[in-house]
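Heads up, the thing below is written out as structure tokens.
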2 protein chains.
Amino acid sequence: MHRRGFVMGMFAAGISCVGSIDAYAQADLLPSWNDSGSKQALLDFVARTTTAGSSDYIPIEQRIAVFDNDGTLWSEQPIYFQVAFAIDRLRQLAPAHPEWRAREPFKSIIAGDMAALAASGDKGVLEVIAATHAGMTIEAFTRLVNDWLASARHPRFDRPYTDLVYQPMLELMALLQGNAFKTYIVSGGGVEFMRAWTERVYNIPPEQVVGSSGVVKFEMQQPDKPVLMKEPKVEFIDDGPGKPVGINRFIGRRPVFAFGNSDGDQQMLEYTAGGEGARFMGLVHHTDAVREYAYDRQSRIGRLDKAWDEAVKRGWTVVDMKADWKVIFPFEKQQ
Amino acid sequence: MHRRGFVMGMFAAGISCVGSIDAYAQADLLPSWNDSGSKQALLDFVARTTTAGSSDYIPIEQRIAVFDNDGTLWSEQPIYFQVAFAIDRLRQLAPAHPEWRAREPFKSIIAGDMAALAASGDKGVLEVIAATHAGMTIEAFTRLVNDWLASARHPRFDRPYTDLVYQPMLELMALLQGNAFKTYIVSGGGVEFMRAWTERVYNIPPEQVVGSSGVVKFEMQQPDKPVLMKEPKVEFIDDGPGKPVGINRFIGRRPVFAFGNSDGDQQMLEYTAGGEGARFMGLVHHTDAVREYAYDRQSRIGRLDKAWDEAVKRGWTVVDMKADWKVIFPFEKQQ
């Protein structure tokens, strides 16, 4: 039967309704965006694809929009926020692990050398993630993440990390959600780290978060408690060519809209662009050292180099944060 | 921000609305179910959990319902339908693979020995799946599945396999969908095999199908075609203790409602039962050899033994197909 043809037993209060809008007929739906080409391209895409009869109309079930997280929806400097979580947790656990005092990168991190982790490469990062993200249930991990978010502060802005989300991107996701697009996060970050807070912060429920993951095992703890335990072993890296793979695994449809900010998003944008019909591909370019950070081709974190060249060549939208965004963080509006 | 607090730009026609109902105040929402304890337990659960103010009320975002597929939503005898697909495809490919004529279980299957595959065990089944489900794009595989469904006939009922879905379960899923439950399939079957048709047949979109999967790789085919290729290697088996793991990976929430039919669903039901608040755990017991099949503790396919004992012990609902279902297949209504 058809997807929307079988809603039965409707009674009493309708709780949510979705429809299509003519974006131009509305009040400003992207108030934190300057009236630039980026903003017009976004409003135009939403109007074209949701207006019945338009040659670019996209049926509701195909309205899949994917967003990278680090550097696209929230900041990623001076280190990925999940790495800050891992470092804080490593230090907290250190007294119970005297063996770490003789082992790198643990030793340096515990001593306060923030650069040691980066210097240790992928291997070191994975060892630290394994030591700090495993050996507990999913629920216990979720609590740890939320406890950390409630107390940790970003070193430059002296605010909770979840304050450092991008107001223009919140508006963009709300615009898409209001037009029956299903918004997904597709991130190299850990899926359980993100799911702990994405519903509260981005209005994106856990089932719409795709990310990297470790092995999880089902256990029946005695006498009668079924739990899922996080194990210290990587299962899937949702980055670069892993992003289209993650999209296929979790969503099973090719997106029509994709936003990223770095070379790790290139294949996700290519995969999105490769489908039939109207598409939108966008990149956030970090150009504002005063209000946020400025980095691109030479950055160790969030390098934007090959994907930028491809975006220019193909005519994808490249958002210039400094020029295109009136406000970067929600707290700027309140000041 | 809150999940439902940010719908903006609503204009023109509302297309879908969800709400809560009092199931008892309605016309019969499960017309193919006899007035048995199973039916009452289902209606009672939906009424209790969706009535505002009820102590068993479940917020909409937590209304996750999971269903096994083979033997729970459609038949699984005399062999899993996906295995029938693999056998048909193996025979179709055989002329181009002379080497198969000297290799078991390929040789026997090509010669028409349907039992050879089962006899070859997991190893044989995986070899046949690898030979028939890989080396092509996701889109090409989806077309293959749909072409097969359009022409293949079930050996006993002489009908397309998708005719052999259970009418009472379609009604149950529609009842839940109409009450804002998100219905998921969580099956040992291949995720891409199911996604090819679940939206059309069950009203379940691809992103709500969790299943076993093979490795998939992103490739940029020359000059400019990004594709996902299916590789001949198993990645994840979504069965037994793998089902709660698959649920966590894809959905990231513990379900409140779970339906299965075999020991492969036991851990999914245990995991569902292990959460807080109102829950529903159900099993389909195949008791009707005349209209469908009768099998349980001794069956090689869909064995129901340990999960049955646990259901009895814990008071989970066990549906007796013969006694509880007026109609089994949709085509019975049209006769």
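The values are calculated or read from the model by the stated rules, or taken from the named source; none is laboratory data. Values in this document were obtained by computation on a predicted structure and should not be read as measured data. Note that each Cβ is placed from the backbone with ideal geometry, even for glycine, and that neighbours are counted across all protein chains shown. With ligands, DNA and RNA removed, areas are computed over all heavy atoms of the protein, side chains included. Shrake-Rupley method; radii C 1.70, N 1.55, O 1.52, S 1.80 Å.
Below, the figures for the structure above:
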item: 1.4 Å probe accessible area per residue over the protein assembly as shown, in Å²; result: 39
item: Percent carbon-and-sulfur accessible area, the protein assembly as shown, ignoring ligands, DNA and RNA, probe 1.4 Å; result: 53
item: Where B:99, A:310, A:199 fall by accessible area, highest first, once all protein chains stay in place (1.4 Å); result: B:99, A:199, A:310
item: Chain B: most fluctuating residue of B:298, B:177, B:266 per GNM, C-alpha cutoff 10 Å; result: B:298
item: Debye, to nearest 20: dipole size of segment A:225-335, +1 on Lys, Arg Cβ, -1 on Asp, Glu Cβ; result: 320
item: Antiparallel DSSP beta bridges within chain B, as percent of all bridges there, nearest 5; result: 40
item: Computed accessible area, residue B:322, all protein chains, 1.4 angstrom probe, square angstrom; result: 130
item: Under 23 Å from the Cα of residue B:182 - lysines, other chains or at least 8 residues apart; result: A:182, B:39, B:243
item: J(HN,Hα) series, segment A:266-278, from Karplus relation 6.51 cos²θ - 1.76 cosθ + 1.60, nearest Hz, glycine and proline x; result: 4, 5, 5, 5, 4, 5, 4, 5, x, x, 7, x, 5
item: Long-range amide H partners of residue A:283 with built H, under 5 Å; result: A:260, A:317, A:318, A:319
item: Residue A:290 - accessible surface, heavy atoms, 1.4 Å probe, Å² rounded to 10; result: 120
item: Backbone N under 18 Å from the residue A:332 label point (7 Å along Cα→Cβ), restricted to segment A:40-78; result: A:40, A:71-78
item: 3J(HN,Hα) from dihedral phi, segment B:207-222, Karplus parametrisation 6.51/-1.76/1.60, rounded to Hz, x for glycine, proline; result: 6, 10, 10, 10, x, 5, 8, x, 5, 10, 10, 7, 9, 9, 6, 6
item: Among B:334, B:114, A:72 the positive-end extreme of the charge dipole of the protein assembly as shown (Cβ point charges); result: B:114
item: Value of relative contact order over segment B:217-315, rounded to a whole percent, pairs C-alpha under 8 Å and six or more apart; result: 20
item: Candidate residues B:314, A:63, B:254, B:195: accessible-area rank, largest first, probe 1.4 Å; result: B:314, B:254, B:195, A:63
item: Length-normalised contact order of segment A:64-212 in % [C-alpha pairs under 8 Å, at least 6 apart]; result: 32
item: With Cα atoms, 0 to 90° folded angle of helix B:37-50 axis to chain B main axis; result: 70
item: Solvent-accessible area buried by pairing A with B, both sides, nearest 100 square angstrom, 1.4 angstrom probe; result: 6000
item: Kirkwood Rh, angstrom, segment A:26-72 [1 / mean 1/r, Cα pairs]; result: 12.5
item: Delta accessible area of at least 50 Å² on complex formation, residues of segment B:184-221, 1.4 Å probe, chain isolated as reference; result: B:195, B:199, B:203, B:207, B:218
item: Theoretical FRET efficiency, 1/(1+(r/R0)^6), r = Cβ-Cβ of residue A:320 and residue B:54, R0 45 Å, to 0.05; result: 0.30
item: Residue B:151 - accessible surface, heavy atoms, 1.4 Å probe, Å² rounded to 10; result: 80
item: Contact order normalised by residue count of chain A, Cα under 8 Å, 6+ apart, percent; result: 22
item: Spacing of the two label points (7 Å from each Cα toward its C-beta) at residue B:309 and residue A:114, in nm; result: 5.8
item: Length added when fully stretched, residue B:102-residue B:234, from 0.36 nm per residue minus Cα-Cα; result: 45.1 nm
item: Nearest-ten-degree value, helix A:81-93 long axis tilted from longest Cα axis of chain A; result: 20
item: Value of [θ]222 nm, deg cm²/dmol, for chain A, DSSP H segments ≥ 4, -39500 (n - 2.57) each, nearest 500; result: -10000 deg cm²/dmol
item: Most mobile listed residue (A:51, A:162, A:183) in chain A, GNM with C-alpha springs under 10 Å; result: A:51
item: Gaussian network model of chain B, Cα within-10 Å springs - most flexible of B:27, B:140, B:84; result: B:27
item: Whole-number D in µm²/s for segment B:198-307 (Stokes-Einstein; Kirkwood sum over Cα pairs; 10 °C, 1.306 mPa s); result: 96
item: Counting all C-alpha pairs of chain A, share separated by more than 32 Å (%); result: 33
item: Projected-area mean, the protein assembly as shown, by convex hull of Cα positions, square nanometres; result: 32.1
item: Sites residue B:200 and residue B:93 - FRET efficiency at Förster radius 25 Å, r taken between beta-carbons, to 0.05; result: 0.45
item: For segment B:254-303 and segment A:28-64, distance of Cα centres in Å; result: 45
item: Nearest 10 degrees, 0 to 90: helix B:138-151 Cα axis against chain B principal axis; result: 90
item: Residue order for A:101, A:91 - accessible surface, 1.4 angstrom probe, largest first; result: A:101, A:91
item: In sequence order, calculated HN-Hα J values of segment B:164-177 (Karplus, 6.51, -1.76, 1.60; Hz; x Gly/Pro); result: 9, 8, 8, 3, x, 6, 4, 5, 5, 5, 5, 4, 5, 4
